[in-house]
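A.B. asks: Structure incoming, see below.
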Amino acid sequence: MGGGAAGDASILSRHGTIDRLVFLGAPPTGPAAKLKAPSLFIVARDDANADGLRLPGIRAQFEKVPEPKELIIVDGSAHAQFLFQTEQGERVMREILRFLSAK
């Protein structure tokens, strides 16, 4: 739910209020085309819920997000913050820090 809330905050904010967005295994809940900040999406390839794999829905929303944007797909099935507890955890943290510190 955190990714959806972050996306909604960006959609409802004025341009420049939110500097960057990171979505871990989640898309925005509002219209992705209205996001107002550079966005990084990180999702595990096999992350799923009762409705099935999350990746197809996240990818579909990602395609609607304005540039600049990035989609990183990692191996495994961990969702959101649980990505940090996997062998992909260090990579996820590096990618987030790189994205947040880019000029």
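The values are calculated or read from the model by the stated rules, or taken from the named source; none is laboratory data. All values reported here derive from a predicted model rather than from experimental measurement. No Cβ is skipped: glycine too gets one built from the backbone with ideal geometry, and neighbour counts run over all protein chains shown. Note: accessible area is taken over every heavy atom of the protein model, side chains too, but ligands, DNA and RNA are not part of it. Shrake-Rupley method; radii C 1.70, N 1.55, O 1.52, S 1.80 Å.
A.B. asks: Counting helices only, and only those DSSP H runs with n ≥ 4, report the 222 nm mean residue ellipticity of the chain as the sum of -39,500 (n - 2.57) divided by its residues, in deg cm²/dmol to the nearest 500.
C.D. replies: After summing the helix terms and dividing by residue count, I get -10000 deg cm²/dmol.
A.B. asks: I would also like to ask the following. Could you look at the chain and say what percent of its accessible area is carbon and sulfur, using a 1.4 Å probe and all protein chains?
C.D. replies: Whole-percent figure for carbon plus sulfur exposure: 56.
A.B. asks: Which one of 74, 22, 43 has the biggest mean-square fluctuation once the chain is modelled by GNM with Cα springs under 10 Å?
C.D. replies: 74
A.B. asks: While we're looking at this one, here's another question. The stretch 1-66: which chymotrypsin sites (Phe, Trp or Tyr not before Pro) are DSSP loop and have at most 10 other beta-carbon atoms within 10 angstrom?
C.D. replies: Here no loop site has a sparse enough neighbourhood.
A.B. asks: Can I ask one more? State in Å² the accessible area per residue of the chain; use a 1.4 Å probe, count heavy atoms of protein chains only, and round to the nearest integer.
C.D. replies: For the chain, the per-residue accessible area is 59 Å².
A.B. asks: Measure off 7 Å from each Cα along the Cα-to-Cβ vector at residue 98 and residue 81, then give the distance between these two points in nanometres to one decimal.
C.D. replies: 2.5 nm
A.B. asks: Here's something else I'd like to know. Which label marks the calculated value of semi-axes √(5λ) of the Cα gyration tensor in Å, given the options (i) 47, 13, 10; (ii) 21, 16, 11; (iii) 20, 17, 14?
C.D. replies: After the calculation, the listed value that fits is (ii).
A.B. asks: Between residue 51 and residue 67, 0.36 nm times their residue separation minus their Cα-Cα distance comes to what?
C.D. replies: 2.9 nm
A.B. asks: Roughly what % antiparallel, to the nearest 5, for the DSSP beta bridges in the chain?
C.D. replies: Just about 15 percent of them are antiparallel.
A.B. asks: Now, a different point. Name the residues whose placed amide hydrogens come within less than 5 Å of the amide hydrogen of residue 23, ignoring near sequence neighbours (fewer than 5 apart) on the same chain.
C.D. replies: Under 5 Å from the amide H of residue 23: 40, 41, 42.
A.B. asks: Build a GNM of the chain with springs between Cα atoms under 10 Å: which of 52, 30, 89 gets the top mean-square fluctuation?
C.D. replies: Largest GNM mean-square fluctuation: 52.
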